[in-house]
Amino acid sequence: MPLYCSSLCANMAHTLKLGKRNENFICSHEQTKDSCFMSQHHKSTNTLPTHIASVSKSDQSFSSPVIEEDRKVLGLVSEPEEYCRELDVAVRAVQMSCFLCQKLQDTWISNSQINHPYSPLTVAGLSVNTIVSWILSKCLGSENVSIVTEKDVQTLSNTNKSELLEAVVKTVNECLAEAPRFGVEEPKSALRTSEVLEIISCSNLVGSPSGRFWALSPLDGKMGSACGDQYAVGLSLIEDGEVVLGVLGCPNYPMRKDWFSYHLSYQRMISMLTPPNSETWNKGCIIYAKRGSRKAWIQPLLHVNKKYVWPNHAKQVSVSSVDNLALATFCQPIEKANSSHTFTEGLAQSVGLSNQPLRVYNMMKYAAIACGHAEVFMKFARAGYKEKIWDHAAGAIIIQEAGGMVTDAKGNPLDFSKGLNLESLDRGIVACAGTTLHEKIIDAVDASWVSSCL
């Protein structure tokens, strides 16, 4: 185990006071009756917040991971209650990651013409990787945290990458200074360069058919983020090859369907005229779900100078009830590098998808279907391209728990047990708001595939 991860593990029991009730805190539920999430209110004058803890619904007492495991063995924790603590931590990690990206976005847009020795988007991606790894290890214990992601320590280890590494360390420490706003204790001192490298090295892993690991997409939709458009942070927990929870952070996601067709400058003008509040907001959201809940939730990004209190005005979302392809909205891909637009658009036309398509980037397509803004998403990769598990795991479980379907083009569930790639994927991915639409799309793929050149 890397040194940094080991030190985190050694300090967890003392920091979290595992197995004991901390009398300095009053724990109370802030979610609906089906939730086991809680927030903590500090009674003392100590300014440092605690780590996230959990409260069981049966006895409302403080519980540690050890106690929770004992309760599971005894059958006292039902399946829907599982992963509540992990989901709470994951949502906070993605909230902080979106905060970081929003802070950096104006910089990378305004400096897009400057000849940097490194890409600002690379700084953002590596910084998100570090932030998420640090929070998961800090709150869940490093022995419980393994991460697979697209960024690894090799990117920063080269001697000619010193300026990039310096920028990442600076960005990470500035973000972690805001950790108490998100209910996470900030580090006692700024992270050193060696510590940042050590944290990132903990996420230089591969997937597995057994055991537990996290899959992270630190900055999905780089083309959109570079021009101030849509992008996402995706985080999911995979256990024995199955996704058990997923969180999507979409900082620029328009909260009204008709705004997708507006120019970015017009969206910004509307946002200025109608400032967001805790109940309504114009853009940006966190969408999340966990296995077996049959529910997906959406909450706003944390407002400036506000403190995060679970569930942060979350609202339940569900897929559209439209089951007629003539009335359905199709998520039109924007990226052309790794997918066949010709086949996808031809297929959409052949099945009668005549509505104005919704033009969205990458993982935002999953968000659009889960929120009911669209009904159909298809992606058929070009020959030789392998879909990565971190690009689809979070979105897949969110749509499924919101009432939709996500499979490969044969109708098989996506298989996240074969390593970093969706190795057993049959031709492509099909996501729909319900079984009726899904069956029609699958049939159309079979009928059209032979004549395609893919």
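The values are calculated or read from the model by the stated rules, or taken from the named source; none is laboratory data. Keep in mind the model is a prediction, meaning the values are calculated, not measured. Here Cβ is always computed from backbone atoms with ideal geometry, including for glycine, and neighbour counts include all displayed protein chains. With ligands, DNA and RNA removed, areas are computed over all heavy atoms of the protein, side chains included. Shrake-Rupley method; radii C 1.70, N 1.55, O 1.52, S 1.80 Å.
Taking the range 294-306 only, how many residues are open to solvent by 30 Å² or more (accessible area, probe 1.4 Å) and either outside any loop (DSSP other than H, G, I, E, B) or modelled with pLDDT under 90 (or both)?
5
Does the range 192-219 hold any residues that are open to solvent by 30 Å² or more (accessible area, probe 1.4 Å) and part of a strand (DSSP E or B), and which are they?
Asn204, Arg212
Could you list, ordered by first residue, the pairs with Cβ atoms under 6 Å in which the first is in the range 161-185 and over 15 Å from Glu195 (Cβ atoms) and the second is at pLDDT 95 or above and of a type outside the set (Lys, Arg), at least 6 apart or interchain?
Phe182/Gln95; Phe182/Met96; Val184/Ile135
Test Gln356 against the criterion of being more than 30 Å from Ser210 (Cβ to Cβ), open to solvent by 20 Å² or more (accessible area, probe 1.4 Å), in a strand (DSSP E or B) and not hydroxyl-bearing (Ser, Thr, Tyr), and give yes or no.
It is false that Gln356 is more than 30 Å from Ser210 (Cβ to Cβ), open to solvent by 20 Å² or more (accessible area, probe 1.4 Å), in a strand (DSSP E or B) and not hydroxyl-bearing (Ser, Thr, Tyr).
Considering each residue of the range 204-226, count those that are modelled with pLDDT under 90, closer than 19 Å to Val244 by Cα and not aliphatic (A, V, I, L, M), and give that number.
Matching residues across the range 204-226 total 5.
What pairs can you find where one residue is in the range 129-141 and on the phi > 0 side of the Ramachandran plot, the other is part of a helix (DSSP H, G or I) and open to solvent by 10 Å² or more (accessible area, probe 1.4 Å), and their Cβ atoms are less than 9 Å apart, with a gap of 6+ or different chains?
Listed by first residue and then by second, the contacts come to Gly141/Leu8; Gly141/Cys9; Gly141/Met12; Gly141/Ala13; Gly141/Leu16; Gly141/Pro65.
From the list Ala374, Ala409, pick out the single residue that is closer than 25 Å to Ile286 by Cα and in contact with a strand residue (DSSP E or B) (Cβ under 6 Å, 6 or more places away or on another chain).
Result: Ala374 is the single residue among Ala374, Ala409 that is closer than 25 Å to Ile286 by Cα and in contact with a strand residue (DSSP E or B) (Cβ under 6 Å, 6 or more places away or on another chain).
Every residue, every condition in (1) of a type in the set (Asp, Glu); (2) open to solvent by 30 Å² or more (accessible area, probe 1.4 Å); (3) touching a Phe, Trp or Tyr at 6+ places or on another chain (Cβ under 9 Å), yes or no:
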residue: Tyr385; (1), (2), (3): no, yes, no
residue: Gly395; (1), (2), (3): no, no, yes
residue: Gln400; (1), (2), (3): no, yes, no
residue: Ala409; (1), (2), (3): no, no, yes
residue: Asn421; (1), (2), (3): no, no, no
residue: Gly428; (1), (2), (3): no, no, yes
residue: Gly434; (1), (2), (3): no, no, no
residue: Trp449; (1), (2), (3): no, yes, yes
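So that you can scan it fast, the table gives a plain yes or no per residue for (1) under 22 Å from Ala177 (Cβ atoms); (2) open to solvent by 10 Å² or more (accessible area, probe 1.4 Å); (3) modelled with pLDDT of 60 or more; (4) part of a loop (DSSP other than H, G, I, E, B):
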{"site": "Gln60", "(1), (2), (3), (4)": "no, yes, no, yes"}
{"site": "Val66", "(1), (2), (3), (4)": "no, yes, no, no"}
{"site": "Arg71", "(1), (2), (3), (4)": "no, yes, no, no"}
{"site": "Cys101", "(1), (2), (3), (4)": "yes, no, yes, no"}
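From the list Glu345, Glu375, which one is over 21 Å from Gly207 (Cβ atoms), acidic (Asp, Glu) and open to solvent by 30 Å² or more (accessible area, probe 1.4 Å)?
Exactly one residue qualifies, and that residue is Glu345.
Would you confirm whether any residue within the range 253-268 is modelled with pLDDT of 65 or more and touching a helix residue (DSSP H, G or I) at 6+ places or on another chain (Cβ under 7 Å)?
Among the residues of the range 253-268, at least one is modelled with pLDDT of 65 or more and touching a helix residue (DSSP H, G or I) at 6+ places or on another chain (Cβ under 7 Å), which makes the answer yes.
Which of the helices (runs of 4 or more DSSP H) contained wholly in the range 115-191 include at least 1 residues that are at pLDDT 95 or above?
120-140, 162-176
Restricting the search to the range 395-436, which residues are of a type in the set (D, E, K, R) and part of a strand (DSSP E or B)?
Hit for the range 395-436 is Asp408, nothing else.
Return the residue satisfying two criteria in turn: it lies in the range 307-338 and is of a type in the set (Gly, Ala, Ser) and closer than 30 Å to Phe99 by Cα, and of such residues it is surrounded by the fewest Cβ atoms within 10 Å (Cβ to Cβ).
Ala337
With respect to the numbered conditions (1) assigned to a loop (DSSP other than H, G, I, E, B); (2) in contact with a Leu (Cβ under 7 Å, 6 or more places away or on another chain); (3) of a type outside the set (Gly, Ala, Ser); (4) surrounded by 22 or more Cβ atoms within 10 Å (Cβ to Cβ), which one is the sole condition not fulfilled by Trp390?
If we test Trp390 against (1) assigned to a loop (DSSP other than H, G, I, E, B); (2) in contact with a Leu (Cβ under 7 Å, 6 or more places away or on another chain); (3) of a type outside the set (Gly, Ala, Ser); (4) surrounded by 22 or more Cβ atoms within 10 Å (Cβ to Cβ), just (1) comes out false.
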